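Student: Have a look at the structure that comes next, please.
The values are calculated or read from the model by the stated rules, or taken from the named source; none is laboratory data. It should be emphasised that the depicted structure is a prediction, and the values quoted were computed from it without experimental measurement. With ideal geometry, Cβ positions are generated from the backbone for all residues, glycine too; neighbour counts draw on all protein chains shown. The accessibility values were calculated without ligands, DNA or RNA, using every heavy atom of the protein model including side chains. Shrake-Rupley method; radii C 1.70, N 1.55, O 1.52, S 1.80 Å.
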Amino acid sequence: MGSRLVTWNVLGTSTLLFLFLFSWFSSVTASVTYDQKAIVINGKRRILISGSIHYPRSTPEMWPDLIQKAKDGGLDVIQTYVFWNGHEPSPGKYYFEGRYDLVRFIKLVQQAGLYVHLRIGPYVCAEWNFGGFPVWLKYVPGISFRTDNQPFKAAMQGFTKKIVDMMKAERLFQSQGGPIILSQIENEYGPVEWEIGAPGRAYTKWAAQMAVGLGTGVPWVMCKQDDAPDPVINACNGFYCDWFTPNKAYKPKMWTEAWTGWYTEFGGPVPHRPAEDLAFSVAKFIQKGGSFVNYYMYHGGTNFGRTAGGPFISTSYDYDAPLDEYGLLREPKYGHLRDLHKAIKLCEPALVSTDPTVISLGNNQEAHVFKSRSGACAAFLANYDSRSYATVAFGNMHYNLPPWSISILPDCKNTVFNTARVGAQSSQMKMTPVYRGFSWQSYNEETASYDDNSFTTVGLLEQINVTRDASDYLWYMTDVKIDPNEAFLRNGQYPVLTVLSAGHALHVFINGQLSGTVYGSLENPKLTFSDKVKLIAGINKISLLSIAVGLPNVGPHFETWNAGVLGPITLKGLNEGQRDLSWQKWSYKIGLKGETVGIQSLSGSSSVEWEVSSVAQKQPMTWYKTTFNAPGGNEPLALDMGSMGKGQIWINGESIGRYWPAYKAYGSCGGCNYAGTYDEKKCRSNCGEASQRWYHVPRSWLRPTGNQLVIFEEWGGYPNWISLDKRTVQSVCADIYEWQPTLTNWELQSSGKVQRPLRPKAHLWCSPGTKISSIKFASFGTPQGVCGSFQEGSCHAHKSYDAFQRNCIGQQTCSVTVAPEVFGGDPCPSTMKKLSVEAICS
Ligand code: GAL
């Protein structure tokens with residue numbers, strides 16, 4: 001204090017005045033606060049549209065494009081978690097390079113003119129290995145995660161402060177002129193607190209205080225945390241959040257995770273959330289006074305390496321997000337949300353200045369009207385009925401509302417957008433082989449051997465305690481002595497080996513031969529192997545390869561959940577009856593021989609003898625290696641692993657991740673109607689097929705020539721069928737109703753350029769470098785079906801194709817007005833018609 005007084009004296013009055021003005025000025029130009037309506041940036045309430053892009057789920061080379069697409073899609077904010085286990089792989093050893101270059105990522109967002117919501121966690125869930133915690137943290141003496149526990153709190157504070165200090169040093173908080181307008185501490189702790197009671201409540205208070213104490217100058221958020229202590233804002237996560245109210249009247253209504261789809265697990269179908277329903281949920285949230293929406297995920301990306309959590313989370317984290325796994329636009333979701341954001345932004349002045357008046361328009365229909373004192377007026381007209389259209393009277397006009405939809409009227413008069421009327425085109429993507437017929441070499445992994453790296457104990461050990469997650473693989477090896485007098489040796493009634501494992505997958509080898517494979521699922525990672533085994537007289541080697549498929553990322557004290565063979569292990573059908581093998585001597589080996597020598601790296605791969613002439617096919621435990629040149633072009637690439645079983649892939653030493661196409665998606669898929677409450681089980685695809693067949697190969701990981709591809713196959717597969725594919729747009733579709741509202745029309749009308757509503761247009765757009773080569777389908781009338789499988793309905797204009805043939809063939813993009821005269825006259829005058837068109841890009 002004393003030294004500060006001295007400084008003040010020395011500075012003199014003019015300097016003091018300057019400093020006062022400066023600090024006053026800078027707090028005005030770079031401040032983030034909040035009130036009951038919204039986040040307030042530099043004194044201005046904002047409706048903020050945000051999207052999650054997790055930096056390690058793509059490559060730095062992809063970041064600028066992803067961020068630009070997010071901006072073009074109408075986002076104001078990019079939200080990301082911070083991934084502790086990526087940044088501190090061992091205690092005190094930090095890593096902020098490559099895909100983990102957090103500062104670079106944030107600066108790119110800043111350069112694009114967007115804000116950042118930084119969810120430090122450091123617990124992140126996120127289907128990420130161990131929920132983002134480093135595995136070493138589990139072995140800190142006396143630790144217990146996410147509760148009122150001193151060692152945990154110390155570690156959590158240490159990492160949180162480390163990140164905050166780093167952001168401060170780079171001047172990245174908005175209070176310093178940087179892009180970060182919000183942070184997050186913890187993640188969905190409410191349900192855990194509810195379960196564990198008092199220590200949970202104490203931890204919540206501590207976490208909030210600790211975070212606020214770091215003095216970032218921007219607000220903190222806690223999501224799914226009803227009791228978030230002031231000044232921390234509690235926020236909502238879910239498929240819908242319109243029902244949500246913050247815990248204090250002076251906090252804004254924020255939605256930190258609007259789920260755009262859902263994650264895929266190996267063995268599960270691929271989720272899909274229709275764009276109409278997602279737009280409906282967002283419009284509903286905004287009409288109820290919400291002012292911050294974050295799409296989780298906006299770009300899901302890829303769980304490279306061994307970063308996937310779960311267990312059983314697939315390598316693809318596509319999430320059915322507006323930008324697909326590869327960073328390409330997922331249409332119509334991307335375009336439909338972009339149009340929604342424009343419509344919402346037109347309403348922003350009214351939305352931030354008042355609370356809505358709610359007017360009933362029918363049994364299941366409502367208007368939310370925002371009328372400000374300065375004269376701004378915006379209205380949202382909702383039809384919650386999931387089956388029927390509604391015609392409602394509002395003002396002195398009538399409006400037709402499709403089922404399960406909201407119309408947005410930025411002037412309380414004209415509809416510019418309806419959540420169920422998609423003006424954006426939809427695209428069908430395809431994967432085309434660009435490289436096939438790799439010439440493979442193979443190397444057989446040793447199935448069981450005791451060497452310098454193995455050790456022996458009595459009894460069975462928990463897997464993660466042994467591996468510390470350095471590898472997915474842990475060998476459990478033992479010897480079983482079979483007396484030559486055993487009856488089964490003569491009658492062929494082999495004994496049954498039963499192995500109980502806590503998960504996640506297990507290959508059983510008897511004397512070096514694969515005898516069987518079992519695996520669990522995300523719902524139940526536990527598994528049991530029980531089968532006859534061909535033992536011989538004398539010493540038999542039983543080798544169990546136990547495989548962790550990502551560590552759990554959610555659930556009460558998930559850090560204590562076990563993996564690996566915990567037994568019992570028994571052998572039934574011997575002369576003596578049953579033999580318990582659980583308590584005999586077991587030897588352990590962490591990882592594979594290939595891993596130990598670094599076979600996936602350019603240098604390590606030469607340390608083993610590769611088979612060149614008779615390359616193994618359909619053989620378990622095999623390494624494959626090949627080299628290839630990078631294909632030209634800039635389309636995203638992926639490996640088609642459809643012919644393989646289960647394993648891992650590396651390119652030039654970089655891990656692409658785990659593959660497991662042999663795990664077919666169980667459960668039901670069925671049809672998909674956008675209307676009605678969505679949950680992750682609705683609208684799924686791939687039932688009965690591989691949950692994941694393609695594996696993203698980032699372009700930036702390739703050099704022009706001599707790329708080394710290494711694969712480890714556990715089960716046996718046919719490498720000759722592997723291909724490197726490019727991802728492109730196959731066809732584009734538009735599905736437009738006559739008189740469907742459009743933003744363009746509204747702009748023309750509101751600028752006085754046209755008097756009456758105009759007809760909508762169908763826009764088609766192929767990726768640059770490709771052109772519309774044919775019109776696969778066109779029908780103006782009552783066509784049925786969706787992009788890829790349209791069919792004519794009972795009403796069809798005979799000249800439906802003509803306008804597209806004329807205007808679109810040979811073009812990269814084209815537009816056709818959707819009006820009867822364009823298609824040779826009205827084919828069914830008193831019926832509501834639409835146009836469905838599908839064009840092929842090539
Ligand atoms: C949320 C969680 C996210 C993610 C999501 C499911 O509950 O906060 O991190 O796990 O579920 O994708």
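Student: Every residue in segment 793-824 that is under 13 Å from D735 (Cα atoms) and of a type outside the set (G, A, S), please.
Tutor: V816, T817, V818
Student: Grab the strands (runs of 3 or more DSSP E) fully contained in segment 659-771, keeping just those with 2 or more residues being within 27 Å of the chain's Cα centre (by Cα). Break it down stepwise before answering.
Tutor: Numbers: elements: 694-697, 707-713, 723-737, 761-765.
It comes to 694-697, 707-713, 723-737.
Student: I would also like to ask the following. Here are some residues: I106, I67, I41. Which one is farther than 20 Å from P322 by Cα, in the same structural domain as D339 (by the TED database) and not basic (K, R)?
Tutor: Details: I67 fails: farther than 20 Å from P322 by Cα; I41 fails: in the same structural domain as D339 (by the TED database).
Result of the check over I106, I67, I41: I106.
Matching residues to (1) in contact with a helix residue (DSSP H, G or I) (Cβ under 6 Å, 6 or more places away or on another chain); (2) open to solvent by 20 Å² or more (accessible area, probe 1.4 Å); (3) within 16 Å of the ligand (Cβ to nearest atom); (4) hydroxyl-bearing (S, T, Y):
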| site | (1), (2), (3), (4) |
| --- | --- |
| V109 | yes, no, no, no |
| H117 | no, no, yes, no |
| I120 | yes, no, yes, no |
| C125 | yes, no, yes, no |
| W128 | no, no, yes, no |
| W136 | no, yes, no, no |
| P141 | no, yes, no, no |
| D148 | yes, yes, no, no |
| F152 | no, no, no, no |
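Student: Looking only at segment 760-770, decide whether some residue is β-branched (V, I, T), open to solvent by 20 Å² or more (accessible area, probe 1.4 Å) and touching a strand residue (DSSP E or B) at 6+ places or on another chain (Cβ under 6 Å). Steps first, answer last, please.
Tutor: If we filter segment 760-770 for residues that are β-branched (V, I, T), which is where we start, we get 770.
This time we only want the ones that are open to solvent by 20 Å² or more (accessible area, probe 1.4 Å), so: 770.
In the following step, the residues that additionally are touching a strand residue (DSSP E or B) at 6+ places or on another chain (Cβ under 6 Å) were identified as 770.
The answer is yes, given that some residue of segment 760-770 is β-branched (V, I, T), open to solvent by 20 Å² or more (accessible area, probe 1.4 Å) and touching a strand residue (DSSP E or B) at 6+ places or on another chain (Cβ under 6 Å).
Student: Could I ask something else about it? Could you look through segment 168-185, keep only residues that are without any contact (Cβ under 8 Å) to a residue 60 or more places away in the chain and touching a Gly at 6+ places or on another chain (Cβ under 6 Å), and pick out the one that is surrounded by the fewest Cβ atoms within 10 Å (Cβ to Cβ)? Talk me through it step by step, then tell me what you get.
Tutor: Within segment 168-185, the first condition is being without any contact (Cβ under 8 Å) to a residue 60 or more places away in the chain, and the residues that meet it are 168-169, 171, 173.
Then drop every residue that is not touching a Gly at 6+ places or on another chain (Cβ under 6 Å), which leaves 171, 173.
Values: R171: 10, F173: 24.
Once the filter is applied, the top-ranked residue is R171.
Student: Another question, then. Of the numbered conditions (1) free of Cβ contacts under 8 Å to residues at least 60 places away in the same chain; (2) open to solvent by less than 50 Å² (accessible area, probe 1.4 Å); (3) not charged (D, E, K, R), L574 satisfies every one except a single condition; which is it?
Tutor: In the conditions (1) free of Cβ contacts under 8 Å to residues at least 60 places away in the same chain; (2) open to solvent by less than 50 Å² (accessible area, probe 1.4 Å); (3) not charged (D, E, K, R), L574 misses (1) alone.
Student: Within segment 75-85, which residues are part of a helix (DSSP H, G or I) and open to solvent by less than 10 Å² (accessible area, probe 1.4 Å)? Quick ask: steps written out before the conclusion?
Tutor: Start the filter on segment 75-85 by keeping residues that are part of a helix (DSSP H, G or I), which leaves 84-85.
Of everything in segment 75-85, just one residue is part of a helix (DSSP H, G or I) and open to solvent by less than 10 Å² (accessible area, probe 1.4 Å), namely W84.
Student: Would you pick out the residues in segment 206-228 that are outside any loop (DSSP other than H, G, I, E, B) and surrounded by 15 or more Cβ atoms within 10 Å (Cβ to Cβ)? Give the steps one after another, and end with the answer.
Tutor: Kept after step one, since they are outside any loop (DSSP other than H, G, I, E, B), are these residues of segment 206-228: 206-213, 220-223.
Answer for segment 206-228, where residues must be outside any loop (DSSP other than H, G, I, E, B) and surrounded by 15 or more Cβ atoms within 10 Å (Cβ to Cβ): W206, A207, A208, M210, A211, V212, W220, V221, M222, C223.
Student: Take A690 and decide whether it is within 30 Å of F266 (Cβ to Cβ) and either in the same structural domain as G657 (by the TED database) or among the aliphatic types (A, V, I, L, M) (or both). Show your work before the answer.
Tutor: Working: within 30 Å of F266 (Cβ to Cβ): yes; either in the same structural domain as G657 (by the TED database) or among the aliphatic types (A, V, I, L, M) (or both): yes.
Spelling it out, A690 is indeed within 30 Å of F266 (Cβ to Cβ) and either in the same structural domain as G657 (by the TED database) or among the aliphatic types (A, V, I, L, M) (or both).
Student: Moving on. Does N414 count as free of Cβ contacts under 8 Å to residues at least 60 places away in the same chain and surrounded by fewer than 18 Cβ atoms within 10 Å (Cβ to Cβ)? Full working, then the answer.
Tutor: Working: free of Cβ contacts under 8 Å to residues at least 60 places away in the same chain: no; surrounded by fewer than 18 Cβ atoms within 10 Å (Cβ to Cβ): yes.
So N414 does not fit the description; no.
Student: Are there strands (runs of 3 or more DSSP E) fully within segment 346-405 with at least 2 residues that are farther than 25 Å from Y678 by Cβ and open to solvent by 40 Å² or more (accessible area, probe 1.4 Å)? List them.
Tutor: 357-362, 390-394, 397-401
Student: Let me ask something else about it. Give segment 43-74 a look and list any residue that's open to solvent by 10 Å² or more (accessible area, probe 1.4 Å) and either among the hydroxyl-bearing types (S, T, Y) or touching a His at 6+ places or on another chain (Cβ under 9 Å) (or both), or say none. I'd like the intermediate steps shown before the answer.
Tutor: If we filter segment 43-74 for residues that are open to solvent by 10 Å² or more (accessible area, probe 1.4 Å), which is where we start, we get 43-46, 60-62, 64-65, 68-69, 71-72, 74.
Listed by number, the residues that qualify are M62, K69, G74.
Student: Then there's this: Between residues in segment 251-266 that are more than 17 Å from C236 (Cα to Cα) and residues that are within 11 Å of the ligand (Cβ to nearest atom) and open to solvent by 10 Å² or more (accessible area, probe 1.4 Å), which pairs lie under 6 Å by C-beta distance while being six or more apart or on different chains?
Tutor: Every condition considered, the pairs that remain are Y263/E127.
Student: So, one more: For segment 807-827: of the residues being in a helix (DSSP H, G or I) and open to solvent by 50 Å² or more (accessible area, probe 1.4 Å), which is farthest from R759 (Cα to Cα)?
Tutor: So in segment 807-827, the residues in a helix (DSSP H, G or I) come out as 807-808, 820-823.
Within this subset, residues satisfying the condition of being open to solvent by 50 Å² or more (accessible area, probe 1.4 Å) are 807, 821.
Values: N807: 17, E821: 11 Å.
Looking at the filtered set, the residue picked out is N807.
Residue-by-condition table, conditions (1) within 22 Å of the chain's Cα centre (by Cα); (2) open to solvent by 30 Å² or more (accessible area, probe 1.4 Å); (3) away from the ligand (no atom under 16 Å from the Cβ); (4) free of Cβ contacts under 8 Å to residues at least 40 places away in the same chain:
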site: L102; (1), (2), (3), (4): yes, no, yes, no
site: F159; (1), (2), (3), (4): no, no, yes, no
site: I163; (1), (2), (3), (4): no, no, yes, no
site: M166; (1), (2), (3), (4): no, yes, yes, no
site: N187; (1), (2), (3), (4): yes, no, no, no
site: E195; (1), (2), (3), (4): no, yes, no, no
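Student: While we're on this one: When residues of segment 577-614 are filtered for being open to solvent by 70 Å² or more (accessible area, probe 1.4 Å), in contact with a strand residue (DSSP E or B) (Cβ under 7 Å, 6 or more places away or on another chain) and in a helix (DSSP H, G or I), how many remain?
Tutor: Adding up the residues that qualify gives 0.
Student: Then there is this: Among A207, A211, which is the only one that is within 16 Å of the ligand (Cβ to nearest atom) and more than 25 Å from the chain's Cα centre (by Cα)?
Tutor: The conditions single out A207.
Student: Do any strands (runs of 3 or more DSSP E) entirely within segment 477-559 hold 1 or more residues that are in contact with a Pro (Cβ under 9 Å, 6 or more places away or on another chain) and open to solvent by 10 Å² or more (accessible area, probe 1.4 Å), and if so, which? Talk me through it step by step, then tell me what you get.
Tutor: Working: elements: 496-501, 505-510, 513-519, 527-532, 538-547.
Ranges flagged: 496-501, 513-519, 527-532, 538-547.
Student: Looking only at segment 540-567, how many residues end up being more than 16 Å from the ligand (Cβ to nearest atom) and under 30 Å from D452 (Cβ atoms)?
Tutor: Selection size over segment 540-567: 16.
So that you can scan it fast, the table gives a plain yes or no per residue for (1) open to solvent by less than 10 Å² (accessible area, probe 1.4 Å); (2) at pLDDT below 95; (3) within 12 Å of the ligand (Cβ to nearest atom); (4) under 13 Å from the mean Cα position of the chain (by Cα):
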| position | (1), (2), (3), (4) |
| --- | --- |
| F266 | yes, no, no, no |
| K288 | no, no, no, no |
| G301 | yes, no, no, yes |
| Y326 | no, no, no, yes |
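Student: From the list V282, V293, exactly one residue is part of a helix (DSSP H, G or I) and either within 14 Å of the ligand (Cβ to nearest atom) or touching a helix residue (DSSP H, G or I) at 6+ places or on another chain (Cβ under 7 Å) (or both). Which is it? Let's see the steps before the verdict.
Tutor: Values: V293 fails: part of a helix (DSSP H, G or I).
Of the residues listed, the single one that is part of a helix (DSSP H, G or I) and either within 14 Å of the ligand (Cβ to nearest atom) or touching a helix residue (DSSP H, G or I) at 6+ places or on another chain (Cβ under 7 Å) (or both) is V282.
Student: Of the residues that sit in segment 242-272 and are small (G, A, S) and not in a strand (DSSP E or B), which one is farthest from C687 (Cα to Cα)?
Tutor: Step one: of segment 242-272, the residues small (G, A, S) are 249, 258, 261, 267-268.
Subset that is not in a strand (DSSP E or B): 249, 261, 267-268.
On the way: A249: 46, G261: 17, G267: 9, G268: 8 Å.
Checked segment 242-272; the qualifying residue farthest from C687 (Cα to Cα) is A249.
Student: Within segment 213-258, how many residues are in contact with a Phe, Trp or Tyr (Cβ under 7 Å, 6 or more places away or on another chain) and charged (D, E, K, R)?
Tutor: Going through segment 213-258 one residue at a time, the tally reaches 4.
Student: Residues being within 11 Å of the ligand (Cβ to nearest atom) and not hydrophobic (A, V, I, L, M, F, W, C): count how many of those fall in segment 226-264.
Tutor: The number of residues fulfilling the criteria is 8.
Student: Here is a further query. If I filter segment 631-658 down to residues being crowded, with 21+ Cβ neighbours inside 10 Å and farther than 14 Å from V697 by Cβ, which single residue comes out as nearest to the chain's Cα centre (by Cα)?
Tutor: R658
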